[in-house]
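The values are calculated or read from the model by the stated rules, or taken from the named source; none is laboratory data. Computed from a predicted model, the values in this text were never measured in an experiment. Don't worry about glycine lacking a Cβ; one is built from the backbone with ideal geometry, like all the others, and counts go over all protein chains shown.
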Amino acid sequence: MSVELAFPSSDSFVRSANARLFVVDVGDDLGACPDLVMQSELGNLSGDVFQSEAVSVCDTSVGRLTVPDVDEGLYAFVAAATNEAGQVLLTGCTIADPYVDDAPLRIVLAPTERYRTTFPVGTDPETCSADDKCLRGCR
């Protein structure tokens with residue numbers, strides 16, 4: 001099953017370098033996402049079911065970030081987008097059963113505190129578009 005990362009803006013996509021996916025067995029805990037997102041922001045989340053290598057955000061936009069085969073049941077799918085230095089800029093989480101929920105699995109990303117302090121409101125927009133980033137490597 002492919003994963004679709006929903007970036008909050010084209011600027012946030014351009015400012016991100018890589019993304020990782022963590023799959024965590026949550027049992028019946030439908031409220032696990034806030035704690036898991038916090039762990040991913042702090043850099044100490046480990047996927048007890050699966051943990052991907054860092055994948056270029058450009059590769060994630062063409063379906064190269066996928067969910068591995070897992071057993072039936074509910075899982076938390078946590079995504080973290082990082083800058084070139086590996087600092088987490090965006091995170092998102094969704095609870096899903098890949099055997100019941102339709103593909104692709106969509107994870108909505110939101111800015112972390114690091115993103116908000118690095119790019120405060122009023123920061124000039126990026127001159128590079130998402131297409132330019134992935135086709136020409138402008139950032």
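Some observations on this one:
- Among the residues of this structure, residue 103 does not count as one that is over 10 Å from the mean Cα position of the chain (by Cα) and at pLDDT 90 or above.
- Of all residues in the stretch 77-112, those satisfying the criterion of being polar (S, T, N, Q) and either over 23 Å from residue 29 (Cβ atoms) or out of contact with any Asp or Glu (no Cβ under 6 Å at 6 or more places or on another chain) (or both) are 82, 83, 87, 94.
- Checking residue 135 against (1) in contact (Cβ under 8 Å) with a residue 24 or more places away in the chain; (2) over 20 Å from residue 45 (Cα atoms), the condition it does not meet: (1)
- For the stretch 120-127, the count of residues that are in contact (Cβ under 8 Å) with a residue 24 or more places away in the chain, touching a strand residue (DSSP E or B) at 6+ places or on another chain (Cβ under 9 Å) and part of a loop (DSSP other than H, G, I, E, B) is zero.
- Residues within the stretch 15-38 that are in contact with a Phe, Trp or Tyr (Cβ under 9 Å, 6 or more places away or on another chain) and either surrounded by fewer than 17 Cβ atoms within 10 Å (Cβ to Cβ) or not polar (S, T, N, Q) (or both), tallied: 8
- When 54, 103 are checked against the criterion of being surrounded by fewer than 16 Cβ atoms within 10 Å (Cβ to Cβ), small (Gly, Ala, Ser) and more than 18 Å from residue 13 (Cα to Cα), 103 stands alone in meeting it.
- Within the stretch 43-52, being at pLDDT below 90, touching a strand residue (DSSP E or B) at 6+ places or on another chain (Cβ under 8 Å) and not small (Gly, Ala, Ser) holds for one residue alone: 48.
- Residue match in the stretch 114-121 (condition: of a type in the set (S, T, N, Q) and either within 18 Å of the chain's Cα centre (by Cα) or at pLDDT below 90 (or both)): no
- Unique residue being of a type in the set (Asp, Glu) and either modelled with pLDDT of 90 or more or closer than 27 Å to residue 116 by Cα (or both) when the list is 59, 71: 59
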